[in-house]
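Taking it in order: structure first as structure tokens, then the write-up.
The values are calculated or read from the model by the stated rules, or taken from the named source; none is laboratory data. Note that the coordinates shown come from a computational prediction; the quantities given were computed from them, not determined experimentally. We place every Cβ from the backbone using ideal geometry, glycine too, and count neighbours over all the protein chains shown.
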Amino acid sequence: MGKFGDKLRREREMRGVTLDEIAEATKIGTRSLRALEEERFDQLPGGIFNKGFVRSYARFLGLDEEQAVADYVVAQGEQPSKADVLEKMAAQAEAARVNEAASLGEKAGNSGKLWVALAVIVLVAAGAVGGWKYYQKYRQQGQVVQSDVDVPAPQVQTTPAGPVSLTSGDANPTSSNTAANTSAQPSTSASTPSALSSVVQPTKSVKASDTKPPGSTTKPLELQIHVVRATWLSVQADGKEPTTETLRDSATKTVLAQDRVVLTTGNSVEVTCNGKSLGILGEDNKRSQMRFTADCKVN
């Protein structure tokens with residue numbers, strides 16, 4: 001067995017996957033898959049079919065398809081064809097174009113966010129200035145009304161006995177003889193003008209910041225998958241197409257879903273569901289499949 005076949009076999013065994021599982025997923029016969037691992041290329045159909053087998057094998061294990069095809073070409077002693085070179089160059093150009101488009105989109109998104117923030121600041125400032133002017137206007141109106149009210153000053157009268165009687169101007173004075181005989185104390189009578197009740201008081205404006213926007217909804221199911229030992233993972237969220245990838249030692253992957261998640265792994269992993277630790281799940285060097293529901297139950 002050469003380096004190419006040995007590498008395929010080691011990657012498969014590290015993930016705890018059998019040839020029958022790959023055959024079932026890729027629709028490639030187990031005999032052909034074993035021939036790839038043992039580098040018995042004469043037992044394969046040949047041509048583009050062999051490269052297609054290598055791509056499907058690598059895709060299932062989460063390996064680099066182009067690198068796997070290149071290793072296969074070297075292993076069988078074949079020089080890369082012009083079509084292979086052009087295909088690889090086209091793939092690299094497409095990847096560079098996608099990265100550039102993503103970079104431009106990110107810059108445009110940041111610029112848009114800046115303009116939105118400036119617009120919000122301008123609106124808040126305009127609202128604050130308008131509210132202050134409104135408050136000052138009504139405050140001035142209240143002061144004018146208060147200054148226009150004519151409040152009659154109380155009159156002070158002295159009785160022969162000496163006590164002081166305060167009246168509002170239109171009340172009758174207290175009899176001096178009665179005050180002297182009864183040792184009356186000073187009495188105060190004040191009437192509040194009805195015009196004071198018409199004074200306009202400024203109203204208190206409500207700040208826009210006093211009203212808080214309702215909180216945004218969050219995903220009902222969030223899984224934090226921590227890999228202790230390098231392994232491959234297959235994740236299927238809410239019944240969608242599963243994704244397969246290889247995680248290195250001490251790597252962490254976050255999965256968000258609405259209803260359920262099906263997790264398949266080649267080694268044991270540490271799982272946290274919605275902030276609650278579920279401990280270490282699965283077994284090392286063995287394919288394990290777990291199903292998580294929105295209430296963090298594991299089946």
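Residues in the stretch 244-261 that are modelled with pLDDT of 90 or more and closer than 17 Å to A25 by Cβ: 1 in all. The condition (being more than 26 Å from D20 (Cβ to Cβ), polar (S, T, N, Q), in contact (Cβ under 8 Å) with a residue 40 or more places away in the chain and not assigned by TED's automatic domain parsing to the domain that holds A25) is satisfied by just one residue among T231, T254, T272, T244: T272. Being hydrophobic (A, V, I, L, M, F, W, C) and at pLDDT 90 or above holds for only one residue in A75, A91, and it is A75.
A quick yes/no check of all residues on (1) assigned to a helix (DSSP H, G or I); (2) under 24 Å from V235 (Cα atoms):
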site: F4; (1), (2): yes, no
site: R10; (1), (2): yes, yes
site: V17; (1), (2): no, yes
site: E21; (1), (2): yes, yes
site: A35; (1), (2): yes, no
site: D42; (1), (2): yes, no
site: P45; (1), (2): no, no
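The set of residues in the stretch 222-262 that are among the hydrophobic types (A, V, I, L, M, F, W, C), more than 21 Å from F60 (Cα to Cα) and in a strand (DSSP E or B) comprises L223, L256, A257. Residues in the stretch 23-33 that are of a type in the set (G, A, S) and part of a loop (DSSP other than H, G, I, E, B): G29 only. Would you point out the residue of the stretch 263-287, among those that are within 11 Å of W232 (Cα to Cα) and not in a loop (DSSP other than H, G, I, E, B), that is modelled with the lowest pLDDT? Per the criteria, the residue is L263.
Going by the structure shown, is A117 surrounded by 12 or more Cβ atoms within 10 Å (Cβ to Cβ), at pLDDT 50 or above and assigned to a helix (DSSP H, G or I)? It is false that A117 is surrounded by 12 or more Cβ atoms within 10 Å (Cβ to Cβ), at pLDDT 50 or above and assigned to a helix (DSSP H, G or I). Candidates are the residues of the stretch 240-276 that are within 21 Å of the chain's Cα centre (by Cα) and of a type in the set (G, A, S); the one that is nearest to R10 (Cα to Cα) is A257.
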